[in-house]
Amino acid sequence: MGRSKTNYCEPPATIAYGSSPIAIGKGARAVEPALDILSAPEIGQIVNAKSAVLKLAYLMYLAKRDEGSACGGDTHTIAISKCGGFTFVDETEMQKAERIAEELDDIIKKGLRQVTSLSPPDFHQAFSEKLKAVADSYSNLDFPSLKDLDRKFWKEKK
């Protein structure tokens with residue numbers, strides 16, 4: 001018999017292996033509709049560690065927002081490089097990223113309300129400015145704990 005491309009196990013030894021991401025755990029219901037943000041913006045483009053952690057922070061914000069009683073508290077994150085290097089992302093760094101994610105979510109909701117109102121105001125410029133401010137906050141956010149992933153301690157297997 002051939003091996004299945006996707007392999008699922010029950011906790012505490014949960015394994016999720018497949019071609020696309022899946023959510024496992026209490027916050028899964030809240031983040032499943034947004035999992036497509038984990039893919040690169042364009043086919044063939046590589047997502048760097050900071051971008052991946054920012055996307056994770058947004059998903060964690062959604063999980064805490066919708067499933068707070070089961071997903072509250074600090075977010076514990078480990079970043080693993082392609083060649084096996086790893087680092088723990090500091091909880092305070094994740095908290096900052098999750099606060100920016102909350103701002104982004106608020107802007108998206110306000111924009112949706114304005115666009116779907118009976119007489120939508122001309123909000124194009126205001127929406128763009130607010131979105132740019134959040135994008136700048138994300139760009140300026142520093143993750144010092146990711147610096148070790150850039151070092152070449154590990155060699156990629158051929």
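State yes or no: is Phe127 under 22 Å from Tyr61 (Cβ atoms) and of a type in the set (Phe, Trp, Tyr)? When the stated conditions are applied, Phe127 passes them. Scanning segment 57-75 for residues that are assigned to a helix (DSSP H, G or I) and touching a residue at least 24 places away in the same chain (Cβ under 8 Å) yields Ala57, Tyr58, Leu59, Met60, Tyr61, Leu62, Ala63, Lys64, Arg65, Asp66, Ala70, Cys71. Candidates Lys109, Lys132, Lys82, Lys96: the one that is surrounded by 12 or more Cβ atoms within 10 Å (Cβ to Cβ) and either aliphatic (A, V, I, L, M) or at negative phi (or both) is Lys96.
Selection of segment 26-39 for residues being surrounded by 12 or more Cβ atoms within 10 Å (Cβ to Cβ) and free of Cβ contacts under 8 Å to residues at least 40 places away in the same chain yields Ala28, Arg29, Val31, Glu32, Ala34, Leu35, Ile37, Leu38, Ser39.
Can Lys64 be described as at pLDDT below 85, of a type in the set (Lys, Arg) and either farther than 23 Å from Lys130 by Cβ or surrounded by 11 or more Cβ atoms within 10 Å (Cβ to Cβ) (or both)?
Answer is no for this residue.
Looking at Ile107, Ile78, which is the one that is free of Cβ contacts under 8 Å to residues at least 60 places away in the same chain and in contact with a Ser or Thr (Cβ under 8 Å, 6 or more places away or on another chain)? Step by step, each of Ile107, Ile78 is checked, and only Ile78 is free of Cβ contacts under 8 Å to residues at least 60 places away in the same chain and in contact with a Ser or Thr (Cβ under 8 Å, 6 or more places away or on another chain).
The values are calculated or read from the model by the stated rules, or taken from the named source; none is laboratory data. Remember, it's a predicted structure, so these values are computed and weren't measured experimentally. Please note: Cβ atoms are built from the backbone with ideal geometry, for glycine as well, and neighbour counts cover all protein chains shown.
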